[in-house]
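Computed from the coordinates by the stated procedures, all read-outs in this text should not be read as laboratory data. Here the structure is a predicted model, which is why all the values come from computation and not from measurement. Counting neighbours? That spans all protein chains shown, and the Cβs are built from the backbone with ideal geometry, glycine included.
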Amino acid sequence: LAKTTQPISMDSYEGQEVNITCSHNNIATNDYITWYQQFPSQGPRFIIQGYKTKVTNEVASLFIPADRKSSTLSLPRVSLSDTAVYYCLVGDRGGANNLFFGTGTRLTVIP
Amino acid sequence: NAGVTQTPKFRILKIGQSMTLQCTQDMNHNYMYWYRQDPGMGLKLIYYSVGAGITDKGEVPNGYNVSRSTTEDFPLRLELAAPSQTSVYFCASSSRVASSYNEQFFGPGTRLTVL
């Protein structure tokens, strides 16, 4: 089962771009990479998912190199409301019990 | 749609008591999950279900039981509460459409304290 490694915490000033990298050396061929965001006292919320290269939506971009052993979540021009914990998950698209949330990366946006 | 709802929001139990955490989803999702989240930690999967009548263990199932009699409901049962079960419990659901992402939708959580 592919597990992930992320930095425990990051700080950023408002308006900056934030890049959070996740390492997943044992990713399997069928695994997708999914990122969730969690605010205090709330359940996690899906941000973005990808398999390879680059994926972009209205919230973030996800960069995945050719070997897929890592991925980078990019948040453009962060605001105070982006302060949250960000989780990187690796698992089969339809898998139920092979998605590990880990401890995530606590992002603090500073005014 | 209300999405995923959980009751109660908060509960304090004494050691040895039992209780059921309720979870309901109105999105007609086949997959449902129960997670626990200890302070400062990530989520750990307790049990999951791929459809009515089908459940399976996750990473930390000991001390818990589940049932899935309908598509909408997935209750989590604690039979003999222990202090180690003090945590925030999240229920989630997801669809099982091959062409779409397995995005999980989470409920607001139940904060449980066992004293």
For the protein assembly as shown, what is the charge dipole size about the Cα centre, in debye to the nearest 20, if Lys and Arg each add +1 at the Cβ and Asp and Glu each add -1 at the Cβ?
320
How high is the relative contact order of chain B, in percent, counting Cα pairs under 8 Å that sit 6 or more residues apart?
35
Using the Cα centre of chain A as the reference point, and only Cβ charges (+1 on K/R, -1 on D/E), how large is the resulting charge dipole? Debye, rounded to the nearest 20.
260
At q = 0.11, 0.15, 0.16, 0.21 1/Å the base-10 log of I(q)/I(0) from the Debye formula over the alpha-carbon atoms of chain B is -0.32, -0.60, -0.68, -1.14
Sort by residue number and report every cysteine in the protein assembly as shown with no other cysteine beta carbon within a distance under 4.7 Å.
none
Among residues other than A:Ser61 whose Cβ falls under 13 Å from its Cβ, what is the net charge (Lys/Arg +1, Asp/Glu -1)?
0
Three-way shape call for chain A based on the alpha-carbon gyration tensor, with the a/c threshold at 1.5
prolate
Among A:Pro76, A:Pro40, A:Pro65, whose mean-square fluctuation peaks in a Gaussian network model of chain A (Cα, cutoff 10 Å)?
A:Pro40
Choose one answer from A:Thr53, A:Thr29, A:Thr21: the residue with the largest mean-square fluctuation in a GNM of chain A with alpha-carbon springs under 10 Å.
A:Thr29
Any chance you could run the full-extension gain for B:Val60 through B:Asn28? It's 0.36 nm times the residue separation minus the Cα-Cα distance, nm to one decimal.
8.9 nm
For the stretch B:1-81 the trypsin sites (Lys or Arg not before Pro) that pass both the DSSP coil test and the at-most-11 other-Cβ-within-10 Å test are B:Lys9, B:Lys14
If you take the charge dipole of the protein assembly as shown about its Cα centre, with +1 on Lys and Arg Cβ and -1 on Asp and Glu Cβ, which of B:Asn1, B:Leu13, A:Ala60 is farthest toward its positive end?
B:Leu13
